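Working notes, beginning with the structure itself.
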Amino acid sequence: MKLAYYPGCTLHGTAREYNASTKAVSKAAGIELTEIEDWNCCGALEAIFDKELSMGLSARNNMLAQKTGLDLVVPCSICSHNLSRADKAMKTDEAFKAKIEKALGESYKGVKIKHLLDVMVNDVGTEALAKKFVKPLKGIKAVPYYGCLLVRPSEVSRFDNPENPTSLDALIKATGAECLPFTQKTKCCGGNLLMSKQDYAFIFTKKLFDEAKAAGANCIVVACPMCHMLLDGQQSMVEKAHNTVIGLPVLYFTQLIGLAMGLSEKELELDKNMVSPEALIESIGKQEEKKTETKTETKIENKAEPKAEEEVAE
């Protein structure tokens, strides 16, 4: 499978581990990624100043992707949302389309845009992906966190139920990890308030942590770099603001399935995560050790049984 690839700004900056794990897992899954040339920001930051500029920046990326003749995969939920919104505008708003085509000097026919989770679950397929898993992640108890934009609004994100999505749940279960119920799986993490109302942002974030810990989770699995930045990168700040201890690792879903594929921690750049996942990874190893010990004990018992029968016969 060949796909055009739009990493977006954060995957080349603060979310390098998401970029690295995306490439590593895609390769292992048989996906060939071609990063589109000369891409620009999706306009997420510019949206607050000029919505047309923001939409135009995403439209330009779609134009570049169109040249590859491939479907476009986007790992970032915000980028995926913005590029999909621009694609819809180019197809429904003639005035906007004419303005963009004139500015860029070419016509737009459209490009199929998909979030990476959609590609993994529906194009590769959870069952096919599971066949590539060589290391069951027993010991991991995860809650799936989709965030606001991954499956909403439904007119630009159609691959899962916007109210109760299950694709990430299914992927977590396929790795052998335990997927726990999480009612806040599509609630806002507070990321959009981080710069303007940090105290409010941290209230939203703490609610997510409180439910995750109450459920017995030892990690949160995400598919958005903004959510990861707040839940992982700002976790110590949330602890300080609310005088509490959280200590909950936050993994990108690509890092989780990469571990199940047997990829190394270096390939997945797990050392870049702010909250260390070391104890989490050790829990997987302990489960493997228990499994090995149980098998060894069973073999010893089976060998001992014939000898015991001989003694009784004598």
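The values are calculated or read from the model by the stated rules, or taken from the named source; none is laboratory data. These figures come from a predicted structure and were not determined experimentally. Neighbour counts run over all protein chains shown; Cβ positions are idealised from the backbone, glycine included. Each accessible area value is taken on the protein alone, full model and side chains, heavy atoms only, with ligands, DNA and RNA left out. Shrake-Rupley method; radii C 1.70, N 1.55, O 1.52, S 1.80 Å.
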Next on the checklist: Return the pair list, or none, for Cβ contacts closer than 6 Å from residues in segment 161-181 that are closer than 19 Å to Lys138 by Cβ to residues that are open to solvent by 20 Å² or more (accessible area, probe 1.4 Å) and of a type in the set (Gly, Ala, Ser), at least 6 apart or on different chains.
Outcome noted: Ala174/Ala130; Leu180/Ala215
Checklist entry - What pairs come up if the first residue lies in segment 238-253 and is touching a residue at least 24 places away in the same chain (Cβ under 8 Å), the second is assigned to a helix (DSSP H, G or I) and small (Gly, Ala, Ser), and their beta carbons are under 7 Å apart, counting only those six or more places apart or on different chains? => result Leu248/Ala212; Tyr252/Ser21
Checklist entry - Leu168 versus (1) over 28 Å from Glu127 (Cα atoms); (2) assigned to a helix (DSSP H, G or I): which is the lone unmet condition? => result (1)
Checklist entry - Can you name the residue in segment 231-252 that is hydrophobic (A, V, I, L, M, F, W, C) and open to solvent by less than 50 Å² (accessible area, probe 1.4 Å) and is also nearest to Asn19 (Cα to Cα) among such residues? => result Leu251
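Restricting the search to segment 139-159, which residues are charged (D, E, K, R) and modelled with pLDDT of 95 or more? I'd like the intermediate steps shown before the answer.
Residues of segment 139-159 that are charged (D, E, K, R), as a first pass: 141, 152, 155, 158.
The answer is Lys141, and nothing else.
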Checklist entry - Tally time: how many residues in segment 192-227 are touching a residue at least 40 places away in the same chain (Cβ under 8 Å), touching a Gly at 6+ places or on another chain (Cβ under 9 Å) and open to solvent by less than 20 Å² (accessible area, probe 1.4 Å)? => result 7
Checklist entry - Does Tyr252 meet the test of being under 26 Å from His12 (Cα atoms) and either touching a helix residue (DSSP H, G or I) at 6+ places or on another chain (Cβ under 6 Å) or among the hydrophobic types (A, V, I, L, M, F, W, C) (or both)? => result yes
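Is it true that Glu301 is surrounded by fewer than 19 Cβ atoms within 10 Å (Cβ to Cβ), modelled with pLDDT of 55 or more and under 24 Å from Gly176 (Cβ atoms)?
Details: surrounded by fewer than 19 Cβ atoms within 10 Å (Cβ to Cβ): yes; modelled with pLDDT of 55 or more: yes; under 24 Å from Gly176 (Cβ atoms): no.
Judged against the criteria, Glu301 is not a match.
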Next on the checklist: I want to confirm something. Restricting to segment 253-280 and keeping residues that are within 21 Å of Leu150 (Cβ to Cβ) and of a type in the set (S, T, N, Q), which single residue is surrounded by the fewest Cβ atoms within 10 Å (Cβ to Cβ)?
Outcome noted: Asn273
Item to check | Enumeration of residues in segment 24-39 that are open to solvent by 30 Å² or more (accessible area, probe 1.4 Å) and either more than 30 Å from Ala260 (Cα to Cα) or assigned to a loop (DSSP other than H, G, I, E, B) (or both) | outcome: Gly30, Glu37, Asp38, Trp39
